[in-house]
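Notes follow the structure.
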Amino acid sequence: MARLLLFNKPFGVLSQFTDRGSPTVRSTLSDFIAVKGVYPAGRLDRDSEGLLLLCDDGRLQARIADPRFKMPKTYLVQVEGDPQKPELARLRQGVMLKDGMTLPADVARIDAPDLWMRDPPIRQRKHIPDSWLKITIREGRNRQVRRMTATVGLPTLRLVRWSIGDWCVAGIAPGQFEEVSGSGERTSGTSKVPVAAGRKS
């Protein structure tokens, strides 16, 4: 039976177990996860937070990470600005990036979600509003969501991956992970560095 871990990756942590060659010490998955034989199914940028799946089965890893399978990935995105219908319509229709047109995304404005506190907090500008979007994409280009929002004039301030397919990070504190059993039930894992969840951005 394949092992699958649901990890809530904190801001500033690399989606890999080692960081060779960096002139500065950077936090990696090995600071939090001591489970042997599991590897990330896909990536999550160092400056993004939320759900990262790790497993020990190559076929499952491919089904999660390979864009051919178009597994939906949902993000909660805090953007600078006040999104209106034209910007939302562009995101929903697809956005032209340097590496081509994106697939249409599911996009909705949402109230500020009740999230853990980010460390460090985002830098807010006094006279510029910020808003929250819920964005679901079905491909996995490098920094895709950030590039999409920037293209329509809504720079991303904070990005949290909330779910991948049917797997969701709800209830998992940053720096912690849970293991999904064969029956689909979640069981708490033991992070090497326990981190208490706070609230708000």
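Odds and ends about this structure:
- Residue tally, condition open to solvent by less than 40 Å² (accessible area, probe 1.4 Å) and more than 16 Å from ARG43 (Cβ to Cβ), over region 131-156: 10
- Scanning region 16-64 for residues that are within 22 Å of GLU139 (Cβ to Cβ), open to solvent by less than 40 Å² (accessible area, probe 1.4 Å) and assigned to a strand (DSSP E or B) yields PRO40, GLU49, GLY50, LEU51, LEU52, LEU53, LEU54, CYS55.
- Looking at ARG123, ARG109, ARG147, just one residue is touching a Leu at 6+ places or on another chain (Cβ under 9 Å), in a strand (DSSP E or B), over 23 Å from TRP167 (Cβ atoms) and among the charged types (D, E, K, R), and that residue is ARG109.
- Which listed residue is outside any strand (DSSP E or B) and modelled with pLDDT under 95, from GLY198, GLY175, GLY153: GLY198
- All of ARG63, ARG68 fail the test of being over 18 Å from GLU178 (Cβ atoms) and touching a helix residue (DSSP H, G or I) at 6+ places or on another chain (Cβ under 7 Å), apart from ARG63.
- ARG118 being in a loop (DSSP other than H, G, I, E, B), open to solvent by 40 Å² or more (accessible area, probe 1.4 Å), of a type in the set (D, E, K, R) and closer than 18 Å to PHE11 by Cβ: no
- Going through (1) assigned to a helix (DSSP H, G or I); (2) open to solvent by less than 30 Å² (accessible area, probe 1.4 Å) one by one, ARG68 falls short only on (2).
- Scanning region 89-108 turns up no residue that is of a type in the set (Asp, Glu), under 29 Å from ILE33 (Cβ atoms), loosely packed, with under 15 Cβ neighbours inside 10 Å and out of contact with any strand residue (DSSP E or B) (no Cβ under 7 Å at 6 or more places or on another chain).
- Residue check for GLY12: within 20 Å of VAL169 (Cβ to Cβ) and out of contact with any helix residue (DSSP H, G or I) (no Cβ under 7 Å at 6 or more places or on another chain): yes
The values are calculated or read from the model by the stated rules, or taken from the named source; none is laboratory data. These numbers were taken from a predicted model, which means no experiment stands behind them. Positions of Cβ are backbone-derived with ideal geometry, glycine not excepted, and every protein chain shown enters the neighbour counts. When the accessible area is computed, the model is the full protein with side chains, heavy atoms only, and any ligands, DNA or RNA have been set aside. Shrake-Rupley method; radii C 1.70, N 1.55, O 1.52, S 1.80 Å.
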